[in-house]
Structure formats: structure tokens, C-alpha cells
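Below: the structure, in C-alpha cells.
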Amino acid sequence: MKSGFVALAGRPNVGKSTLVNALCGDKVAITSKVPNTTRRRIFGVANGPDYQLVLVDLPGFQRPMDALTERMQTTVDASFADVHVVLVVLDARERIGPGDRFVARRAFGSGVPVIIALNKVDKLSPAHIASQMQVAAALGDFHALHPISAKTKDGIDELRSDLVFLLPEDGQLFFPRDESTDQTVEQRVAEVIREKALHLTHEEVPHALAVVIEEIDEKLLRAFVIVETESQKGILVGKKGAMIREIGTRARPEVEALVGHPVFLQLVVKVRANWRRDKGQFERLGL
Ligand SMILES: Nc1nc2c(ncn2[C@@H]2O[C@H](COP(=O)(O)OP(=O)(O)O)[C@@H](O)[C@H]2O)c(=O)[nH]1
Ligand SMILES: [Mg+2]
């Protein structure tokens with residue numbers, strides 16, 4: 001039995017959360033085009049007949065901008081200490097630059113083996129992939145370098161095998177074998193709702209958005225969708241409530257799959273001014 005922890009490291013938006021989902025074969029982390037979608041550390045668990053691979057999905061590396069991003073970066077720094085492998089994720093469609101080298105330095109400095117995943121190679125020409133692999137290979141002394149697509153799942157099985165190979169033998173089970181994440185159902189439901197809201201509202205509200213489950217029973221699931229200003233509330237509610245209804249419509253199938261039965265999904269948009277600067281709010285918001 002092999003088991004252990006793999007931390008994912010990479011700039012915002014390179015596809016870390018998408019990759020965690022692909023490796024686990026379950027949607028444990030929400031994803032979006034908006035950088036900094038992942039706010040807290042999430043465990044994704046890939047269970048095999050003779051292994052348990054625990055993937056640690058972290059907020060992206062960045063310079064702290066406010067109390068929230070400061071908290072996010074502290075989480076990242078603390079998480080490298082206790083893992084068996086660091087998986088550095090790069091976006092093959094972008095120039096591999098200073099941001100990636102910053103991430104790589106921290107990863108190679110951690111003292112644990114590093115595997116590099118060159119993500120988003122779907123739609124790239126073989127020549128383009130080859131030249132990006134050369135740049136990636138110069139980042140440090142890695143154990144393996146995998147060109148992959150977390151989206152199409154190309155190269156995912158090979159990457160998973162390599163990660164498992166580096167885990168200690170005779171490891172223990174960290175999670176029950178049928179679980180794919182450490183998050184509660186309520187946390188996953190809140191994240192699914194936040195994901196749909198991010199997808200629909202694009203640039204206008206993302207960082208100001210939080211979702212809290214207020215009530216959940218056999219028939220009803222009530223969630224507060226929290227923003228910071230009245231104008232953001234206006235966007236989220238939409239004309240005659242069209243936007244919040246659409247968010248609910250898109251979230252419901254996944255929400256019902258998570259809770260295991262049909263629900264009436266009631267979404268209530270609330271304004272809480274400056275919640276991101278208020279450390280006392282983080283706990284309440286699950287951050
Ligand atoms: N084309 C393509 N897009 C991807 C791939 N992996 C992730 N993405 C997209 O990249 C964006 C950021 O992904 P996400 O997993 O949230 O990135 P994170 O910030 O590193 O966790 C999303 O729009 C994903 O759909 C991939 O392999 N190919
Ligand atoms: Mg993420």
C-alpha cells in the first residue's frame with residue numbers, strides 16, 4: 001500500500017484545481033477563468049487498489065493584496081512542509097516566466113521530489129509543446145516532466161502513476177476509501193454555487209463573492225450569496241431576478257447529486273460591506 005500527500009504549486013489559473021479533479025476522477029475543486037478562485041486548501045483524494053494519493057490544492061502563489069490574499073499565501077507556505085511530492089503546474093499556452101520561476105524556487109527548495117506538469121497542451125502543436133518542455137526542464141532538478149491536459153485528461157494516468165511511485169510504501173489510509181475530499185457536503189455545495197456565479201458574472205464581482213449555506217433539510221436548501229456593494233448585488237440579482245435564478249438553475253444538478261436528493265434551492269443575495277478586510281468574517285465564510 002502506497003499513500004501520501006502531493007502539494008500542487010503554480011501561478012493562479014494554470015489549471016491546478018482542474019488537475020486535482022482529473023487525478024481524483026471527481027469534482028472536488030471548483031474552477032474558473034477568474035484567478036484566485038481557490039481560497040482555502042482543499043484535499044482531493046485519488047483512491048486505487050494499492051494506493052491513496054492525497055492531492056493538496058492550494059490557492060495560487062501571489063503577493064498579498066489584502067487580508068484575504070495574505071491568509072491565502074500563509075496557507076500555501078505552511079503546506080509544503082509535510083508533503084511527499086510537490087507537483088509544479090505550468091500553463092503551456094503562456095510564456096513560462098518570473099512567476100513560474102518564483103513558484104519553482106519554492107518547490108525545489110522544499111527538499112521533497114518535484115514533478116512538473118506542463119498543462120493545457122491540448123490545441124498546441126508538437127513543436128510548441130517541445131519548446132515549452134525545454135523551458136520547463138530548465139526550472140530545476142525534477143523527478144519527471146509530464147505534458148498533460150487536465151481538461152481532456154491526456155497524460156493524466158501516466159502522471160498519476162508517477163506520483164504514486166514516489167509515495168512511501170506501507171503508508172496508512174488518511175481518508176476512508178470511498179471519499180474523494182476532506183470537504184463537507186455543505187462546503188462543496190457552497191463552492192458549486194460560487195462557481196456558477198463566477199462563470200456567469202465574469203469580471204464584475206468575483207473577488208467580492210462568498211457563499212454560505214444557511215439551512216439544509218429534506219426539501220429546502222437556502223444559501224446566502226454575499227457581495228460587498230449594492231451595485232454587485234444588482235448584478236447578481238439581475239433583471240427581475242434573472243441572474244440569481246440562472247445561477248440556481250446551473251447549480252441545482254450538481255447540488256442535488258451532492259446532497260443525494262432533489263431540493264428547492266433558495267439563493268438570497270446579501271451585502272456585507274468589506275467582508276474581505278474583516279478577519280472575523282473568514283471563519284464564518286469557511287476560509
Ligand atoms: N484548454 C485547457 N484549459 C484548461 C486546462 N486546465 C484548466 N484549464 C482552464 O484554465 C482555467 C483555470 O483553471 P483552474 O483549475 O481554476 O486553475 P487554478 O487557478 O490553477 O486552480 C479554467 O478556465 C480551466 O477550464 C487544460 O488542460 N486545457
Ligand atoms: Mg484553483
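Here, each number is a calculation from the coordinates, and none is a lab measurement. Since we're looking at a predicted model, the values are computed, not measured. All Cβ positions, glycine included, derive from the backbone under ideal geometry; neighbour counts span all protein chains shown.
Relative contact order for the chain: what percent, with Cα pairs under 8 Å and sequence separation of 6 or more?
Working: 550 pairs, mean separation 54.8, N = 287.
Answer for the chain is 19 percent.
With contacts defined as alpha carbon pairs under 8 Å and 6 or more residues apart, what's the relative contact order of the range 185-284 in percent?
Details: 143 pairs, mean separation 31.7, N = 100.
It rounds to 32 percent for the range 185-284.
Nearest 20 debye, what's the magnitude of the dipole of the range 185-284 about its Cα centre given +1 on Lys and Arg Cβ and -1 on Asp and Glu Cβ?
Computed about the Cα centre, the dipole is about 280 debye.
Return the equivalent ellipsoid semi-axes of the chain as a descending list in whole Å, where each equals the square root of 5 times an eigenvalue of the C-alpha gyration tensor.
33, 22, 18
Describe numerically, in nm with one decimal, the distance between label points set 7 Å from Cα along Cα→Cβ at T249 and at D50.
Result for the modelled spin labels: 5.0 nm.
Highest GNM mean-square fluctuation, the chain, Cα pairs closer than 10 Å: which of H207, H199, H261?
Highest fluctuation of the listed residues: H261.
Rounded to a whole number of µm²/s, how large is the Stokes-Einstein D of the range 2-165 at 10 °C and 1.306 mPa s, given Rh as the Kirkwood radius over C-alpha pairs?
Taking Rh from Cα pairs, D becomes 102 µm²/s.
The chain: longest stretch without exposed GluC sites (Glu not before Pro) (DSSP loop, at most 12 other Cβ within 10 Å), sites themselves excluded?
Answer from the scan: 1-202.
Per residue Cα convex hull volume for the range 185-284, in cubic angstrom? Kindly include the intermediate steps, with their values, before the conclusion.
Numbers: hull volume 8.6 nm³, N = 100.
With only Cα atoms used, the range 185-284 gives 86 Å³ per residue.
On the first, second and third principal axes, largest extent first, how far apart are the outermost C-alpha atoms of the range 106-150 in Å?
34, 20, 15
May I ask what percent, to the nearest 5, of DSSP beta bridges between residues of the chain are antiparallel?
Rounded to the nearest five, the antiparallel share is 35 percent.
Is it possible to state the helix-based mean residue ellipticity at 222 nm for the chain, with each DSSP H run of 4+ residues giving -39500 (n - 2.57), the sum divided by total residues, to the nearest 500 deg cm²/dmol? What is it?
-11000 deg cm²/dmol
Relative to the longest principal axis of the C-alpha atoms of the chain, give the angle of the C-alpha long axis of helix 98-108, reported between 0 and 90° and rounded to the nearest 10°.
The two axes meet at around 60 degrees.
Using the crude model of +1 on Lys and Arg Cβ and -1 on Asp and Glu Cβ, and no other charge, please compute the dipole size for the chain relative to its Cα centre, in debye to 20.
1100 debye
Taking the Cα atoms only, what angle lies between the long axis of helix 156-165 and the longest principal axis of the chain, rounded to 10 degrees?
With both axes taken from Cα atoms, the answer is about 60 degrees.
Peptides 108-114, 232-238: what's the order by average Cβ count within 10 Å, highest mean first?
Averaged packing, sorted descending, gives the order 232-238, 108-114.
Once both axes come from the Cα atoms, what is the angle between helix 67-79 and the longest principal axis of the chain, in degrees from 0 to 90, rounded to 10?
30 degrees
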